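To start, the structure under review is shown below, and the notes come after it.
Every number here is computed from the coordinates shown, using simple stated rules; none is lab data. Values in this document were obtained by computation on a predicted structure and should not be read as measured data. Please note: Cβ atoms are built from the backbone with ideal geometry, for glycine as well, and neighbour counts cover all protein chains shown.
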Amino acid sequence: MKVYPTPIEVGDTEGFSPGKDLFNRAELGAGLTNLVTVVEDPMVIAFDGAWGSGKSTFLRMWAGELRKAKFPVIVFDAFENDYVDDAFAALAREIVELSEQSKTAGSQLAENVKDRAVELGSMLLRSAGKIAINVGVRAATAGLVSGKDLADVASDVEDEAAEIADKYMEDLLSRPAEQKLTVQRFREALSSLPSALQEVGATSKPLIFIIDELDRCKPIFALSVLERIKHFMSVPNVHFVLGVHLRQLEASVRAVYGSDINAPAYLEKFINLTVSNVDTAERAESRQLKVYGEHLRRALAIPLDDDSPLPRATATLVRVLEQRGAGFRTMERAFTVLALAIAFTPTNYVRYGVLVGGLIALKLFEPKLFTKAKAGTLSLSEALSGLGIADDHQLDRHGQHEAELWTFCLAEVVPAEIESRFSEYSWHLTDAAERRGLITHTANQIVDRLR
């Protein structure tokens, strides 16, 4: 059996394939496609969701659908590129690469993009006072600007860095009309690129530039991406879609500009529209965590038969994860612990799924309570509170079963109706110490065998 789930691999043109679109989000993708098709003004759309909520998988699938529909598409992982000094260079590199890979890249218009990008990138590099030559220049600019592009400053390399920066700034301020023209040329070339990339006779479609993992970047780089898009790349025929957790991006704004800044208002200057990546399913069996939990159960070959108590472990985990507002990656961690518990536990060990699932949840979310469970000092009130089953008026049938089993194990005096309900356990759990021992046994010998 497996103990680690295999990531969902999405091909470049696969789209929302039935076996992989677990949450039936093809309709959402179609809506976004229609939006970027009919809106003529350049847009920056934030696809907002918490870390581990499936944003990246959705965006890769949507990108595949766009490619099948002959849209020019760029998918850019911002987190993998935040080592670059200037975000413009990293973004422009992707645009240049798309034009070079296209079948129509030989057109003068497509080739023109690289020249205009180099021209603008060099200007931005100078304006920032960056001093780099040869390998240094290429590293600082993601390979877009070469040492040759800065040949006119090579003679100044041995001068003091501050003096060179001053020279660049003086040169920059003395040629405002030329600099405006440089920006205008790049914007015009970028706006014209999508039509140049289309096959002859095909309807022109906008370039869709997807930027993922923006919230995981260094704050200064994340904001530089937004600012470069706004000032230099907001042109007709180009739309940007950001895979981002806006709350985290707001934290980046405060980290750069101070805690007093109105971060949401700042981001509104750059983002035109927000699409929330939330679970809208009304039926319990259709909720995303439940669907993904079943996917993981099958992927990890966790048994689902009447003779196995472990399905109740998965049900407990799904309930706690939903209650905690956890994401898919947290669920993967939880199911990996469950798979390890199954793999490393002899088949003759007593394994009660509700307790296994509950203790895994405590290990992930309430480690102090889990330590108490291992030591045999966990109280009933702590267990019920930590697992979110203290209020029996809001519990479903499975939640009530959980609460009763924990009561059976940890209460000093077990109510008669609960004891009769769990009579199958009573033959070897004759007193409170033995019932409590079932918790310590499960915590130490099953859930925490691998530390």
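Just a few scattered comments:
- Most to least packed among 18-25, 2-9, 435-442 [average Cβ atoms within 10 Å]: 435-442, 18-25, 2-9
- By average C-beta atoms within 10 angstrom, highest first, the peptides 284-296, 316-328: 316-328, 284-296
- Stretching the chain fully between Ala343 and Asn24 yields a gain of 111.6 nm (0.36 nm per residue, less the alpha carbon separation).
- Computed E for Tyr83/Leu35 - FRET, C-beta separation, R0 30 angstrom, nearest 0.05: 0.35
- The phi torsions of region 431-437, fed into the Karplus equation with coefficients 6.51, -1.76 and 1.60 and a -60° offset, translate into couplings of 9, 4, 5, 6, 5, 5, x Hz, rounded to whole numbers, with Gly and Pro shown as x.
- Glu294-Ala251 pseudo-label distance in nm [points 7 Å out on the Cα-to-Cβ vector]: 3.4 nm
- Between amide H atoms placed 1.01 Å from N, distances below 5 Å from Leu242 occur with Ile45, Ala46, Phe47, Ile211, all of them 5 or more places distant or on a separate chain.
- Charge tally in the Cβ shell below 15 Å around Val113, where Lys, Arg are +1 and Asp, Glu are -1, Val113 excluded: -2
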